[in-house]
Amino acid sequence: MSFLRMNLKSLRASLLPPFLFAAVAVVVLTTTVFAKTANALHYLKAGHPNPAELLAPPPLPDSTEQATDLAAVISVSKACSSNQVALAFSEKKFSIFTFAPAIGSFLAPGKLPRTEAFFEHVQQDAASLADLGKDYWKRPRPYTIEPSLASGKLEKSFGYPSGHATEGMVLALVLAELLPGQRESILAIGRDLGWHRVWIGRHYPTDIYAGRVFAQAIVRQLKANPDFQHDLAEAKAELASTARTAETPIQPPVPATAAH
């Protein structure tokens with residue numbers, strides 16, 4: 001980024017007219033953001049799907065819609081218990097293992113190496129694309145507008161769409177492909193991962209809804225990728241094998257025969 005700033009300073013110091021400098025700066029910055037995103041992606045191409053093309057803009061500042069959105073955050077946050085707040089903060093970082101209550105204790109770190117790596121890549125792709133939307137709209141988080149909502153360590157990033165809602169629903173939708181019998185309970189956890197961020201003033205409801213919509217577009221794009229389909233099949237086989245092993249009852253030890 002320091003190199004980028006130097007280049008922009010050099011452009012400004014040149015004889016470029018102000019309007020032309022602004023246009024060049026936008027191109028340079030956009031190219032840099034997409035290049036950074038591309039390096040972080042595993043199954044998707046940078047900007048595909050593009051949140052700016054798929055999602056409606058967030059409510060305008062000082063609009064009635066924005067005021068209603070903020071009022072909802074304040075109301076939800078005030079109604080939260082201390083246990084709910086603690087739960088929301090504990091989900092600051094989450095992974096596929098957050099879904100274990102809907103699936104089983106066999107879904108644990110170290111037991112499913114291929115599945116774990118697969119979902120890490122999926123989540124990273126979702127996070128990178130959600131960040132594109134955040135940087136595009138630059139919507140301030142609720143606690144920057146209403147300081148009484150601020151608590152704990154505050155994020156420096158923007159809020160639209162919600163990264164938790166996007167990543168949580170992407171993980172849920174892909175996991176539900178592998179375990180259709182637990183689909184509803186899996187999706188419920190995915191929804192909660194986003195909504196709990198409203199509890200602690202990190203997001204507006206509209207941030208959450210946008211993340212869920214964007215997640216569906218991401219999953220559609222993922223399914224079109226052959227590498228994703230290959231790794232999905234491997235994860236499905238590993239999950240099935242581990243689940244069968246976990247369901248096998250453990251036989252009690254046979255008592256030693258008494259000596260005669």
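The values are calculated or read from the model by the stated rules, or taken from the named source; none is laboratory data. Source: prediction; values computed, not measured. All Cβ positions, even for glycine, are placed from backbone atoms using ideal geometry, and neighbour counts span all protein chains on display.
Side notes on the structure shown:
- Test result for Ala117, within 16 Å of Leu178 (Cα to Cα), assigned by TED's automatic domain parsing to the domain that holds Leu149 and touching a Ser or Thr at 6+ places or on another chain (Cβ under 7 Å): no
- Count of the stretch 103-138 residues which are closer than 28 Å to Gly159 by Cα, crowded, with 18+ Cβ neighbours inside 10 Å and either aliphatic (A, V, I, L, M) or without any contact (Cβ under 8 Å) to a residue 40 or more places away in the chain (or both): 7
- Selection within the stretch 179-209 - more than 22 Å from Cys80 (Cβ to Cβ) and crowded, with 21+ Cβ neighbours inside 10 Å: Ile186
- Exactly one residue out of Ala46, Ala71, Ala102, Ala86 is in contact with an Asp or Glu (Cβ under 9 Å, 6 or more places away or on another chain) and not hydroxyl-bearing (Ser, Thr, Tyr), and it is Ala102.
- Taking the stretch 142-195 as the range and being at pLDDT below 95 and of a type in the set (Val, Ile, Thr) as the test, no residue passes.
- Any chance Leu87 is more than 27 Å from Glu146 (Cβ to Cβ) and among the hydrophobic types (A, V, I, L, M, F, W, C): no
- In the stretch 53-84, the residue that is surrounded by the most Cβ atoms within 10 Å (Cβ to Cβ) out of those that are within 16 Å of Gly194 (Cβ to Cβ) and out of contact with any Leu (no Cβ under 7 Å at 6 or more places or on another chain) is Pro58.
- Output for the stretch 89-102, where each listed residue is surrounded by fewer than 18 Cβ atoms within 10 Å (Cβ to Cβ) and of a type in the set (S, T, N, Q): Ser90, Ser95
- Complete set of residues in the stretch 141-153 that are surrounded by 13 or more Cβ atoms within 10 Å (Cβ to Cβ), within 19 Å of the chain's Cα centre (by Cα) and assigned to a loop (DSSP other than H, G, I, E, B): Arg141
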